Amino acid sequence: MTDKPDDGGPAFPSPGYDGPTPTGGHLTQYPQPGMTLRQWYAGLAMQGLLACSTTEEDTPGEAAKYAVKFTDALIAELKR
């Protein structure tokens, strides 16, 4: 078993493209994996935590830790 958390897979992958354009040219776009669902969810959780922060004693490090904890719990629940 690995210590690496489940990243949920890619959030916004791009398959790439190699072919003609509507204007008669040629376009090559390489596939991009995009960010992981874990990164995406953590950003959304962080945004919510910062928007609802009620104390100036909350540090960015604490908010980031909570965001990741909530994210990992969400991914685990969605896998059930």
Practice task
Report the residue, chosen from Ala64, Ala42, Ala51, that carries the largest GNM mean-square fluctuation when the chain is represented by alpha-carbon nodes joined by springs under 10 Å.
Solution key: Ala51
Completion exercise
Taking Tyr30, Tyr17, Tyr41, Tyr66 and counting other beta carbon atoms within 10 angstrom, the fewest-first order is Tyr30, Tyr17, Tyr66, Tyr41
Fill in the blank from the handout: Non-local residues with an amide H under 5 Å from the amide H of Thr36, with H modelled 1.01 Å from N and Pro and chain starts lacking one, are Ala11
Exercise for the section: Put one equal scatterer on each alpha carbon of segment 1-40, apply the Debye formula with no solvent term, and list log10 I(q)/I(0) at q = 0.20, 0.22, 0.35 1/Å to two decimals. Expected result: -0.67, -0.73, -1.05
Problem - Ranked list, fewest to most other Cβ atoms within 10 Å of each Cβ, for Thr36, Thr71 - result: Thr36, Thr71
Fill in the blank from the handout: proj_area_mean for the chain (convex hull on C-alpha atoms), units nm², value 8.9 nm²
Problem - Calculated Rg and Dmax of segment 35-79 using C-alpha coordinates, Å - result: 10.8, 35
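Every number in this text was worked out from the coordinates using simple rules, so none of it is lab data. Remember, it's a predicted structure, so these values are computed and weren't measured experimentally. When we count neighbours, we look across all protein chains shown, and the Cβ atoms used for this are built from the backbone with ideal geometry, even at glycine.
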